[in-house]
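The values are calculated or read from the model by the stated rules, or taken from the named source; none is laboratory data. Predicted model only: the values in this text are computed from it and were never measured. Every residue, glycine as well, gets a Cβ built from its backbone with ideal geometry; the counts of neighbours run over all protein chains shown.
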């Protein structure tokens, strides 16, 4: 009868068990470098957006003219509010975070007396509206950052897995 001998099988099992035990922490550590690269690309795109004066933007809006660019205050709101949400698990169990805009800018309107929501301004610019010409800045940022973000996450995954395997083997 044939006999199979496996050397180091117990060590391999303990390494896999350690990987499973630290999986949530490890996955969160892997996601962050990709999010940071995307946030930097988004920051660069926002910094490069052209603007018009607040007065001209308000005048265009009052006369039903489409603004070709954001107002200076809208852009300032986007620059200040860009960030990364805490990394967490969604309803389907996926580890993820978002790069986006929060809070309000300094443009006060009848509809938004506390200031316009920055996320709404970003969406309006990305897709275009009846009062703001489309500029797909977020799409450009994602396209520019995708491959380097994936590479950074792959590198971090390799590093994290190797660290755990070395510590348990």
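When residue 2 is tested against the conditions (1) buried (at least 17 other Cβ atoms within 10 Å of the Cβ); (2) farther than 21 Å from residue 139 by Cβ, the lone failure is (1).
When restricted to residues that are in contact (Cβ under 8 Å) with a residue 24 or more places away in the chain and more than 15 Å from residue 47 (Cα to Cα), the stretch 122-141 contains 4.
Annotation note: of 79, 107, the sole residue that is out of contact with any strand residue (DSSP E or B) (no Cβ under 7 Å at 6 or more places or on another chain), in contact (Cβ under 8 Å) with a residue 12 or more places away in the chain and either part of a loop (DSSP other than H, G, I, E, B) or farther than 16 Å from residue 35 by Cβ (or both) is 79. For the stretch 118-139, filtered to residues that are surrounded by fewer than 21 Cβ atoms within 10 Å (Cβ to Cβ) and under 17 Å from the mean Cα position of the chain (by Cα), the residue that is farthest from residue 107 (Cα to Cα) is 139. Counting only residues that are part of a helix (DSSP H, G or I), touching a residue at least 24 places away in the same chain (Cβ under 8 Å) and surrounded by 13 or more Cβ atoms within 10 Å (Cβ to Cβ), the stretch 156-169 holds 6 of them. Just one of the listed residues (57, 18, 47, 29) is within 18 Å of the chain's Cα centre (by Cα) and either surrounded by 16 or more Cβ atoms within 10 Å (Cβ to Cβ) or modelled with pLDDT under 90 (or both), and it is 29.
One residue alone among 35, 18 is closer than 30 Å to residue 97 by Cα, touching a strand residue (DSSP E or B) at 6+ places or on another chain (Cβ under 7 Å) and assigned to a helix (DSSP H, G or I), and that residue is 35.
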